[in-house]
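Undergrad: Let me begin by handing over the structure; questions about it come next.
The values are calculated or read from the model by the stated rules, or taken from the named source; none is laboratory data. These figures come from a predicted structure and were not determined experimentally. Don't worry about glycine lacking a Cβ; one is built from the backbone with ideal geometry, like all the others, and counts go over all protein chains shown. We work out accessible area using only protein heavy atoms, side chains counted, and drop any ligands, DNA or RNA first. Shrake-Rupley method; radii C 1.70, N 1.55, O 1.52, S 1.80 Å.
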Amino acid sequence: MVADYVHQIVNETRKRDVLDWVELDRQRLLERDAFVRDAKWEPAWESVRAANRNPQVRVLILVAPRGYGSTTFIHQFLAREADTRLKLCRAEADWESPAVSRLPLELGHIHQVDLKDPDQDRPTAAFLKDLDGHAKKLEQCKSYLVLVVAEELWRGHHAWTADRVQVVRLNEPPDPHKVVAAHLRKAGYPGLVPYTKTDKARAQITGLNAVEAARAAGTVIEQWEELARRRPPALPVGDEHEAPLDPDLSTQVDNALADWRDDFDVLFGETAEGEQRGLRPLPLDDRCLLLTMALRQSSPAPRIAADARLLQDGIESSSDGSTTRFSDAGAIFAGRGLRRRIRDVGADVNSRDHVTFDRPGYGQAVLTYVWDNYEVMRPRLLEWLVKVSDTDTEHDPAINALAHLAFRYGETKDLSDLRAAALKAPDGHEVLSKVLTQAAHDEHTGRLVWATLYSWASQPAVQPVVVTMCDDVLRDPSTTVPVAKMAMVRLRRVVQSANDGSTCDTVLKAWRTLAHDQQRADLLVGEIQKWQRKTTQGAAGKLALLALMPIQHEGSPWLLSETPPDIDVEAGLRDLFADIELLPKTVPVVIDWVRACAQDVSKYERLRDRLLAPLRDQKVFKAGMKLMQDLADVRSPDGGSVGEDLYGRLGDARIRKVFPLAESTE
């Protein structure tokens, strides 16, 4: 600069587009998870412990088949044995393919990432090569990275090694009987554990992986609840005790855990195979009738018939391009009547045409059998279940079935099929939101739900689903802080990528409700702080500021009170005034501020001085004029116009002559 004249200096700072993450609470992890540290896991546990003690190892890769409980395994290890000075965090893998440049890098952190999506999480050779360099940076920051990789995504990399990276394999799931018992005790049903120890129940539980065992525990609880709806249970289940089993409940649990595959192999077999074990193969219409009764259990016969016909029409129309609702009337009339068909598939129908199929475990097994054995039927089943769903019913069986089937294998393809089916229906957004909300409460499917919502948050077609579900989560008083933060991250992504104002308006409405919750308002404050620190884009931060602006404290705006949050309110107002799209939402709130303080001289002067600072910025001249014109009719404590008072203090009187502030004639 001394030697020559410099026309312009550009100093540009770039921040990597790193993955979002949430901090995990160690104590909450220990209290929440029904963890079984099985003896079969000891080799893997010791391997992870050895890697944790090796100061050179900064990246741990845990490889395991799906459903083995690998994420729970590593969370429990970190909560129990990792250095307590390190923050435990789980990052959201939002990328088209893994990239080291997007991995978080912070001081004193352990970041854990799940790589389980076959389309987006498959590690490449370049990614693994770059991990060693990333490990050096982690060592400088005294931090660690833990990757939990599905076994099928690790194929082709089994021989890969690196000095600062340790690969550990989890080769077996925990004992399913211990997992079922642990989940029942954790859920507050220790008295149901003996019902899982009968010969039939043990035979069905043997061989299940961790996820399947957790679902088996849920099935046992469902049978208890089903019996409780019909009659008071004979025995309490709050305590685990040695007592005679309730015979009805024991039978229900045995039937619910049974897979019935031998019977279903006959019912869904070829017609030419004939009768076996007193069962005969069902024709298409009876198969649809059986699926409908499996779903509805007990319902009026006309509804059973209509839903079964809807399923059959969906199947036939997908085959030949046309429905057969009326074309086969003669063939139907020549066959068995509805009552006979209902009885033939195992249900009862009374004189008032009310169908009773009181076999909830059997019914779920029917749906699962069809889902597992007829892959071509999966989209048809999803479309049918969406059509017959009732979002106004608290425990709608169709929504329960959608949550069970769509998340059965934990694959994103099934979720994509569910999304496609839901978007075809008039109320599909509500159905999809209900299904995701139900699945999010499950400790195994919840991670997939939140990862999916993270991806959907940037896709306009399903943004309403993301907003609805995240709003419900934030309204729920039982929602934990990490889950609430995950909801905020997804709403932020919605705002940043929204193509229309209505979506942002919905988010603003949700956040204004959140602002009145003293326990959750700090989430909005944090969003503003991230924006003002330039760690996130401005759209969500501005909306969060707008959401907090109406909150009052002792007759004054809370943001301008004596104990304001750690944010720069004047800078935030300047940015809001400069945003033409948000100005129509900003001005009315500021007018409300002025009206609330107009009768108190000290409050008014304090508010006026806070408004003058952002209004002096030349970038907000047009917005400032609009604001002051709208304030022209609002009277200050001395009876004058607030608009004129502000305008008179902003600058040169000659400018005011050129650009007069015209008062309203009202």
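Undergrad: Return the sequence-ordered ³J(HN,Hα) values of the stretch 138-143 in whole Hz as given by the Karplus equation 6.51 cos²θ - 1.76 cosθ + 1.60 applied to θ = phi - 60°, using x for Gly and Pro.
TA: 4, 5, 5, 8, 6, 10
Undergrad: While we're looking at this one, here's another question. Using a probe of 1.4 angstrom, how much of the accessible area of the chain is carbon and sulfur, in percent?
TA: 49 percent
Undergrad: So if a site counts as exposed when it's one of the trypsin sites (Lys or Arg not before Pro), its DSSP state isn't H, G, I, E or B, and it has at most 11 other Cβ atoms within 10 Å, what's the longest stretch of the chain without one?
TA: 353-532
Undergrad: Using a 10 angstrom Cβ neighbour count of at most 14 plus a DSSP loop assignment to flag exposed chymotrypsin sites (Phe, Trp or Tyr not before Pro), which longest range of the chain is free of such sites?
TA: Maximal segment without exposed cleavage sites: 6-325.
Undergrad: Indicate the gyration tensor shape class of the stretch 149-288 (rounded, prolate or oblate), computed on the Cα atoms with a ≥ b ≥ c the square roots of the eigenvalues: a/c under 1.5 is rounded; otherwise a/b larger than b/c is prolate and the rest oblate.
TA: Judged from the Cα gyration tensor, the stretch 149-288 comes out oblate (a/c at least 1.5, b/c at or above a/b).
Undergrad: Pairing the Cα long axis of helix 247-257 with the longest principal axis of the chain, what angle in degrees results, from 0 to 90 and rounded to the nearest 10?
TA: For helix 247-257, the angle is close to 70 degrees.
Undergrad: Using the Karplus curve 6.51 cos²θ - 1.76 cosθ + 1.60 with θ = phi - 60°, work out ³J(HN,Hα) for each residue of the stretch 582-597 in order, rounded to whole Hz, and write x for Gly and Pro.
TA: 8, 4, x, 8, 7, 4, x, 5, 5, 4, 4, 4, 5, 4, 5, 10
Undergrad: Karplus couplings for the stretch 294-304 from phi (6.51 cos²θ - 1.76 cosθ + 1.60, θ = phi - 60°), rounded to Hz, Gly and Pro as x?
TA: Whole-Hz 3J(HN,Hα) from phi for the stretch 294-304: 4, 6, 7, 6, 10, 6, x, 4, x, 5, 4.
Undergrad: Let me ask something additional. What residues qualify as long-range amide H neighbours of V167, i.e. H under 5 Å apart, gap of 5 or more or another chain, H built at 1.01 Å from N?
TA: Hits under the 5 Å cutoff: I61.
Undergrad: What is the diffusion coefficient of the stretch 94-154 in µm²/s, taking the Kirkwood radius over Cα pairs and the Stokes-Einstein relation at 4 °C with a viscosity of 1.567 mPa s? Walk me through the numbers before you get to the answer.
TA: Working: Rh = 12.0 Å.
Estimated via Stokes-Einstein, D reaches 108 µm²/s.
Undergrad: Report the Cα centroid-to-centroid distance between the stretch 177-205 and the stretch 350-422 in angstrom, as an integer.
TA: Each part's Cα centre sits 26 Å from the other's.
Undergrad: How are the Cα pair distances of the chain distributed, in percent, across 10 Å bins from 0?
TA: P(r) over the chain, rounded to whole percents: 3, 12, 19, 20, 17, 13, 9, 5, 2, 0, 0.
Undergrad: With every protein chain left in place, what is the accessible area per residue of the chain in square angstrom, probe 1.4 Å? Working shown, then result.
TA: Working: 32760 Å² over 666 residues.
For the chain, the per-residue accessible area is 49 Å².
Undergrad: Which percent, to the nearest 5, of DSSP beta bridges fully inside the chain are antiparallel?
TA: 35 percent
Undergrad: Helix 501-515 against the longest principal axis of the chain: what's the angle in degrees, Cα atoms only, rounded to the nearest 10?
TA: Between the helix axis and the principal axis of the chain, the angle is about 90 degrees.
Undergrad: Could I ask something else about it? To the nearest 10 degrees, how steeply does helix 210-230 sit against the main Cα axis of the chain, on a 0 to 90 scale?
TA: Long axis of 210-230 versus the principal axis of the chain: about 80 degrees.
Undergrad: Once you order the gyration tensor axes a ≥ b ≥ c over the Cα atoms, which shape class does the stretch 502-588 get: rounded for a/c under 1.5, otherwise prolate or oblate by comparing a/b with b/c? Please list the in-between numbers first.
TA: Working: a/c = 1.26, a/b = 1.19, b/c = 1.05.
Rounded.
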